[in-house]
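What follows is one structure encoded as structure tokens, with my remarks underneath.
Bear in mind these aren't lab numbers, they're just calculated from the coordinates by the rules spelled out. All values reported here derive from a predicted model rather than from experimental measurement. Glycine also receives a Cβ, built like all others from the backbone with ideal geometry; neighbour counts cover every protein chain displayed.
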Amino acid sequence: MATTINLDEHLLIGGSWIDATGGARFDVTDPATGNKVGSMPNGTEADVKAAIDAAAAALPGWRSTPAIQRARILRKAADLMRERAEEIATAMTSEQGKALAEAKGEVEYAASFFEWFAGEAERVYGEVVPPMNTNNRVLVLRQPVGVVAAITPWNFPAAMMTRKLGPAMAAGCTSVVKPASATPLTAALVLRCIEDAGAPAGVVNLVTSRDAGMVANTIFTDGRVKKISFTGSTEIGKDLIRASAEQVKRLSLELGGHAPYIIFDDADLDEAVEGLIASKYRNAGQTCVCANRAFVQRGVYDAFLAKLTAKVDAMKVGHGLAEGTVIGPLIDSRAVDKADEHVQDAVAKGAKLVTGGVRLTDGEFANGSFYAPTILDGVTKEMDIFYEETFGPVAGLTVFDTEDEVIELANDSIYGLASYFHTKDYARLMRVAERLEYGIVGANAGIISAANVPFGGVKQSGYGREGGSVGIDEYLDVKYVLMGGVGTV
Ligand code: NAP
């Protein structure tokens with residue numbers, strides 16, 4: 001097995017890698033072993049303010065840097081991430097737990113946002129609008145919003161950050177980043193790529209802290225920060241909506257999900273099994289787009305369950321750096337508790353445990369946060385798992401008979417991020433895609449994330465879109481300019 005890292009990183013403020021004011025640090029641990037893998041400065045209010053100072057000072061120079069030059073820096077940052085993929089992925093697995101192959105995949109995915117938004121930087125076009133009065137001329141400009149704050153989660157420590165920094169940098173904004181305190185080392189390594197790619201001092205700043213509330217409060221009460229982009233839980237997202245009211249700050253919110261995964265009778269069952277596995281068990285079930293409820297039509301239910309069980313039983317659980325590992329640890333013991341609570345609740349209310357359903361605590365698992373990949377048969381609306389995001393490797397199956405019935409079941413959620421279904425009937429494909437109340441629909445596909453598509457949710461999954469041609473709009477203000485007295489031609 002490759003060895004975990006031991007990395008003591010720093011804050012990045014105004015181009016300098018520094019310690020926190022007062023010098024306090026916090027440990028970063030490996031969720032597979034509980035061992036320390038590094039440390040980060042425990043940033044203070046003074047550090048957050050210094051980071052905002054640096055971003056504000058860098059703004060005039062960065063927003064007036066030609067877009068083509070900003071794009072070059074983004075492309076170079078993507079190249080550096082790829083060159084350093086092994087190092088970044090090893091750090092990610094060490095602090096987050098995901099299997100190394102998945103971590104490498106995330107580094108590539110994260111780099112692709114820099115590349116995509118390098119292209120978008122060069123296409124921030126305005127408009128010339130035909131005037132109502134022919135003596136006038138009307139222009140529409142798209143300008144950077146200014147200083148941006150990005151708050152990111154631990155489950156995709158690189159990609160959730162580049163999905164914000166890419167468009168922010170492309171648009172001409174400067175940023176302060178606050179990564180999750182469980183996974184700050186990956187964040188530091190990605191920011192080193194941006195810096196080494198030639199981003200001027202202060203264009204991106206990194207503040208880590210164990211006191212996320214303090215960081216948020218400092219950001220929300222500073223008038224120089226014009227926009228906050230947050231990816232994390234719906235609960236914290238709601239707090240941020242309330243906090244944004246005081247200064248009417250712009251927000252983008254990528255919050256929780258609770259994806260339905262529907263398999264119709266006419267689906268290609270092998271493809272559907274592969275799709276559900278990719279969606280459900282990736283990152284040990286800790287993604288916002290993970291399937292959390294699988295609805296299988298009665299005619300194929302037993303066959304689907306048998307195929308799925310065979311695949312899940314073959315999954316190797318272990319340290320993410322160990323050869324062949326598919327399922328790594330969960331992020332911490334609370335995450336294991338939640339997965340187990342969902343399983344126990346479902347079983348108590350009548351679901352059948354097909355496989356898994358246990359904490360793994362023996363031998364190599366003794367000091368880690370491991371939960372066996374699990375399948376529940378016969379999930380109903382009475383069970384917590386039907387309505388709550390599990391964020392663990394637990395698939396719950398529910399049988400259905402008709403299209404109308406499954407649409408109603410699938411839409412019965414406060415969340416609206418990702419949804420999936422499998423069918424070979426093209427008319428149904430269009431109908432179901434239109435009727436699912438979700439921001440993302442995967443039809444005959446279990447992996448839906450990419451830099452070139454608009455990613456985001458409806459309902460309590462948040463608002464705003466990241467990626468795609470609209471992703472940069474979140475970092476631009478639209479301004480209309482009326483030029484009177486020009487005359488007619
Ligand atoms: P979280 O607890 O909400 O944390 C997310 C970030 O917010 C972390 O940086 C965290 O810092 C910070 N934070 C904590 N308390 C805060 C506060 N009072 N004010 C401001 N920021 C605060 O979420 P998580 O457990 O890390 O991530 C899992 C959640 O994210 C799931 O619900 C998942 O569905 C969602 N998610 C959504 C998407 C999407 O694109 N829609 C993508 C990935 C994940 P600390 O780490 O220091 O506490």
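Things to note:
- Amide hydrogen proximity for THR29: with H placed 1.01 Å from N in the peptide plane, the residues at 5 or more positions away or on another chain lying under 5 Å are VAL37.
- Placing a pseudo-label 7 Å from each Cα along the Cα-to-Cβ vector at ASP196 and ASP268 gives an inter-label distance of 4.1 nm.
- Axis of helix 85-96 versus longest Cα principal axis of the chain: the two differ by about 60°, to the nearest ten degrees.
- For the chain, the longest principal axis of the alpha carbon atoms and the long axis of helix 184-196 meet at an angle near 40°.
- Note, ³J(HN,Hα) from phi for segment 418-426, Karplus 6.51, -1.76, 1.60, rounded to Hz, x at Gly and Pro: 10, 8, 9, 7, 10, 7, 9, 8, 5
- Net charge contributed by nearby residues that have their C-beta within less than 10 Å of TYR415 (K/R +1, D/E -1): -2
- For TYR371, the residues whose modelled amide H falls within less than 5 Å of its own, excluding neighbours fewer than 5 places apart on the same chain, are LEU330, LEU360.
- Zone residues, segment 40-76, relative to GLU122, backbone N less than 14 Å from point 7 Å out along Cα-to-Cβ: 66-76
- Considering only the chain, percent of DSSP beta bridges that pair antiparallel, nearest 5: 40
- Relative contact order of segment 259-451: 29 percent, from C-alpha pairs under 8 Å at least 6 residues apart in sequence.
- Pairs spanning more than 27 Å between alpha-carbon atoms, out of LYS36/LYS338; LYS104/LYS249; LYS226/LYS338; LYS76/LYS280: LYS104/LYS249; LYS226/LYS338; LYS76/LYS280.
- 3J(HN,Hα) along segment 306-323: 5, 5, 5, 4, 4, 5, 5, 4, 8, 6, 8, 9, x, 5, x, 8, 7, 3 Hz, from the Karplus curve 6.51 cos²θ - 1.76 cosθ + 1.60 with θ = phi - 60°, whole Hz, x for Gly and Pro.
- Per-residue ellipticity at 222 nm from helix content only, as computed over the chain with -39500 (n - 2.57) for each DSSP H run of at least four residues, stands at -12000 deg cm²/dmol.
- Here each label is just a point 7 Å from Cα along the line to Cβ, and for ALA314 and LEU141 those points are 6.0 nm apart.
- Helix 234-245 vs. the chain, principal-axis angle (Cα, 0 to 90°, nearest 10): 20
- Label point of ALA46 set 7 angstrom out along Cα-Cβ; within segment 4-39, amide nitrogens under 13 Å from it belong to 19-24.
- Annotation for segment 49-117 versus segment 128-191: alpha-carbon center distance of 13 Å.
- The distance separating the Cα centre of segment 1-30 from that of segment 336-375 comes to 33 Å.
- For the chain: relative contact order, % (alpha-carbon pairs under 8 angstrom, 6 or more apart): 19
- Hypothetical label at THR488: residues of segment 120-140 whose amide nitrogen lies under 14 Å (7 Å Cα-Cβ projection): 131-137
- A simple packing score, the average count of other Cβ atoms within 10 Å per residue, orders the peptides 331-339, 410-418, 380-388 as 410-418, 331-339, 380-388, with the highest score first.
- For segment 415-448 versus segment 306-329, the gap between their alpha-carbon centres in whole angstrom: 27
- Note on TYR426/VAL481: beta-carbon distance plugged into 1/(1 + (r/R0)^6) with R0 of 41 Å gives a FRET efficiency of 0.30.
- Scoring 244-250, 197-203 by mean Cβ neighbours within 10 Å over their residues and listing the highest first yields 197-203, 244-250.
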